[in-house]
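Asks: This is the structure, below, for whatever I ask next.
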Amino acid sequence: VQPTGDEGKWTGKPFEPRRDGDRLYARGAADDKAGVVAHLAAVRALLAAGTDLGIGVTVFIEGEEEIGSPTFGLFLDQYGDRLAGDAIVVADSGNVDGVTPGQTVSLRGIVVLDVTVATLRTLVHSGGFGGVVPDAMMATAILIASMYHEDGSVAVAGLTRGEPLTDFVKDEAAFRSQSTVLDGVESIGRGTTTERNAYSPSITVTGIDAPSTARASNVLLPSVTFRIAARVAPGQTSADATEALERHLASHAPFGAHVRFDAVAGGEPFAANADGWAAKLMTDALATGWDAEPAHLAQGGSIPFVPLLSAAYPDAEILLTGVGDDRSRAHGIDESLSLSVLRKAITAETMFLATMNRRGTDAR
Ligand SMILES: [Zn+2]
């Protein structure tokens with residue numbers, strides 16, 4: 001799970017589950033301990049029914065997802081044959097809300113890159129030298145601004161947009177409200193919420209190494225390092241995106257500032273086979289379990305182990321379901337799970353496993 005954030009802001013204790021009506025509050029209640037519960041409960045239900053369904057089930061609990069699954073690739077190299085299957089169900093994505101289930105069809109990839117901009121050998125008096133030679137912060141500010149168009153969309157040549165795999169578009173007003181954007185602050189980018197959030201690249205500067213205001217003095221800074229977390233649209237590799245970013249930053253460095261790159265982390269985007277036999281079975285199972293037609297969701301986030309799975313098992317279908325809803329606040333304060341959603345997720349997964357042996361026959 002993610003860290004709790006400021007524990008004092010939680011209504012209860014983050015690691016002591018608290019039930020309030022249909023909701024269970026705790027860190028990890030939705031993201032993603034309930035995913036584990038859904039898998040185990042579905043298997044338990046089938047065992048209790050006692051019928052031989054003619055399928056094998058392997059349950060694997062991956063505990064490094066929130067830190068980018070750094071050792072999962074090595075694990076797959078060593079033990080991958082034990083996890084091989086025709087379909088892989090990952091219950092770490094989301095639903096539209098408590099009424100409409102989601103079947104996730106794509107994820108963005110991610111590139112995390114540190115960029116160091118240098119203009120001087122050492123810091124010097126800002127009055128004595130300012131106005132004649134550039135300081136690194138000035139060059140950094142100009143360089144960061146060069147990555148965006150006026151409307152906030154990404155202006156880095158070579159970062160590509162993907163072809164949407166779903167018609168489902170999140171309502172912009174609801175999207176904005178969930179984002180906590182302040183009154184009067186405009187939306188950015190071009191296209192529908194789905195096109196902007198899930199099928200376009202985005203660049204976020206997530207950290208900057210420079211003196212804090214408390215430690216600031218009147219000098220020209222010789223160098224500044226900032227961290228970029230760029231999301232990569234489906235259809236582009238993270239290596240390709242990294243190259244585009246580095247090319248842009250190196251060629252846009254103002255005043256001939258020196259630029260150095262240090263790769264921090266990366267993960268590939270993912271696009272599901274939404275028309276596959278297992279995907280169709282899952283659509284039916286979700287419709288039955290939730291008593292509502294599932295929406296095909298495109299997510300702006302990344303689950304780095306999912307593309308590792310698709311690379312390791314190219315013939316397996318990867319199905320992304322979830323146990324959270326629009327009120328779950330994953331990673332946030334007072335994270336919660338809807339118990340009725342959990343019940344529906346368990347029913348859907350049980351239905352999926354119970355119908356899996358129909359592969360090759362018409363599921364409907
Ligand atoms: Zn998470």
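Coordinate-derived values only; no laboratory data. Bear in mind that the values here come from a model prediction, so they are computed numbers and not experimental data. Note: ideal-geometry Cβ built from the backbone for every residue, glycine included; neighbour counts use all protein chains shown.
Asks: Tell me, which helices (runs of 4 or more DSSP H) wholly within the range 221-334 include 2 or more residues that are of a type outside the set (D, E, K, R) and in contact with a Gly (Cβ under 8 Å, 6 or more places away or on another chain)?
Replies: Because the criterion is at least 2 residues that are of a type outside the set (D, E, K, R) and in contact with a Gly (Cβ under 8 Å, 6 or more places away or on another chain), the helices (runs of 4 or more DSSP H) in the range 221-334 that meet it are 238-252, 305-312.
Asks: Further question: Give just the number: which of (1) exposed (fewer than 13 other Cβ atoms within 10 Å of the Cβ); (2) within 22 Å of His331 (Cβ to Cβ); (3) of a type outside the set (Ser, Thr, Tyr) does Ala214 not satisfy?
Replies: Condition not satisfied by Ala214: (2).
Asks: In the range 38-63, what residues are within 16 Å of the ligand (Cβ to nearest atom) and touching a residue at least 40 places away in the same chain (Cβ under 8 Å)?
Replies: Answer for the range 38-63, where residues must be within 16 Å of the ligand (Cβ to nearest atom) and touching a residue at least 40 places away in the same chain (Cβ under 8 Å): Ala38, Glu62.
Asks: Here is a follow-up. Picking from Lys9, Lys13, which residue would you name as being closer than 17 Å to Ile333 by Cα and touching a residue at least 24 places away in the same chain (Cβ under 8 Å)?
Replies: When all the criteria are applied, what remains is Lys9.
Asks: Looking at the range 77-96, which of its residues are free of Cβ contacts under 8 Å to residues at least 24 places away in the same chain and either among the hydroxyl-bearing types (Ser, Thr, Tyr) or within 16 Å of the ligand (Cβ to nearest atom) (or both)?
Replies: Within the range 77-96, Tyr79 is the sole residue that qualifies.
Asks: Looking at Val323, Val232, Val259, Val264, which one is touching a residue at least 60 places away in the same chain (Cβ under 8 Å) and within 16 Å of the ligand (Cβ to nearest atom)?
Replies: Step by step, each of Val323, Val232, Val259, Val264 is checked, and only Val323 is touching a residue at least 60 places away in the same chain (Cβ under 8 Å) and within 16 Å of the ligand (Cβ to nearest atom).
Asks: Answer with yes or no whether Asp31 is touching a helix residue (DSSP H, G or I) at 6+ places or on another chain (Cβ under 9 Å), charged (D, E, K, R), within 16 Å of the ligand (Cβ to nearest atom) and closer than 27 Å to Gly98 by Cβ.
Replies: yes
Asks: Could you tell me whether Val111 is in a strand (DSSP E or B), more than 18 Å from the chain's Cα centre (by Cα), away from the ligand (no atom under 16 Å from the Cβ) and closer than 22 Å to Ile203 by Cα?
Replies: no
Asks: Looking only at the range 146-179, count every residue that is in a helix (DSSP H, G or I) and within 17 Å of Ala295 (Cβ to Cβ) and tell me the total.
Replies: 4
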